[in-house]
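Participant: Structure incoming, see below.
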Amino acid sequence: ARGYAAMQESIVAPGELGDLALEPALRLAGVVLGPRGEPLAGARVRAAPEDARGGGGDRMRFLNRDENGGARRAATGFSDDDGHFDLELPATSGNWNVTATLSGFIEGQVTGIAVNGVSVAGVKIQLSLGASIVGRILGVDGLAIAGAEIALESGGGRTRGGTSSVAGDRATAM
């Protein structure tokens, strides 16, 4: 139900389920911005709790437990025409990571957002322009090398993106 946290109850034996009490959801709201600060419509926004190790990024879990053993689930939505998003989170405490993706842009992320039993507003996620490189992978003999892997790095040596594909001697990285 809108305005209430999602709930899942496992039933191990047939019988009456009884009453289920839904807790009000907390809201996590903000805006997705482009490289020049312009609002971006249609970005996919996902909030996920940090795992028990306190990590983020690729260590985010879609389901984990809060300090009381309750489930904390990922929430997903899309930015509107003004770049705004509004996600519903379970009413629990902890840190959440929020990512936004949109075709043509590099994923943006805000980590460690403290949700301590109150809704959070004003989260800004800025996306950078994406790029792709297409070319042929050749050996010193001028012949195509099938199965070669490519990676993109920024000036600081950080790998950017992570999508690469090779078809025959043609390679694409984004």
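The values are calculated or read from the model by the stated rules, or taken from the named source; none is laboratory data. Computed from a prediction, not measured in an experiment: that's the story for all the values here. Using ideal geometry, Cβ is built from the backbone for each residue, glycine included, and neighbour counts are taken over all protein chains shown. Note: accessible area is taken over every heavy atom of the protein model, side chains too, but ligands, DNA and RNA are not part of it. Shrake-Rupley method; radii C 1.70, N 1.55, O 1.52, S 1.80 Å.
Participant: How many of the residues making up the range 89-98 are open to solvent by 10 Å² or more (accessible area, probe 1.4 Å) and at pLDDT 90 or above? Spell out how you get there, then give the answer.
Facilitator: First, pick out the residues of the range 89-98 that are open to solvent by 10 Å² or more (accessible area, probe 1.4 Å): 90-95.
From what's left, at pLDDT 90 or above: 95.
Of the residues in that region, 1 qualify.
Participant: Quick one: A114 ticks every box in (1) hydrophobic (A, V, I, L, M, F, W, C); (2) exposed (fewer than 12 other Cβ atoms within 10 Å of the Cβ); (3) at pLDDT below 75; (4) under 19 Å from the mean Cα position of the chain (by Cα) except a single one, so which number is it?
Facilitator: In the conditions (1) hydrophobic (A, V, I, L, M, F, W, C); (2) exposed (fewer than 12 other Cβ atoms within 10 Å of the Cβ); (3) at pLDDT below 75; (4) under 19 Å from the mean Cα position of the chain (by Cα), A114 misses (3) alone.
Participant: Output the number of residues of the range 5-32 satisfying the condition of being at pLDDT 65 or above and either within 25 Å of G94 (Cα to Cα) or open to solvent by 80 Å² or more (accessible area, probe 1.4 Å) (or both).
Facilitator: The first filter runs over the range 5-32 and keeps only residues at pLDDT 65 or above, leaving 14-32.
The next check asks that each one be either within 25 Å of G94 (Cα to Cα) or open to solvent by 80 Å² or more (accessible area, probe 1.4 Å) (or both); those that pass are 14, 16-17, 19-32.
Residues flagged as at pLDDT 65 or above and either within 25 Å of G94 (Cα to Cα) or open to solvent by 80 Å² or more (accessible area, probe 1.4 Å) (or both) within the range 5-32 amount to 17.
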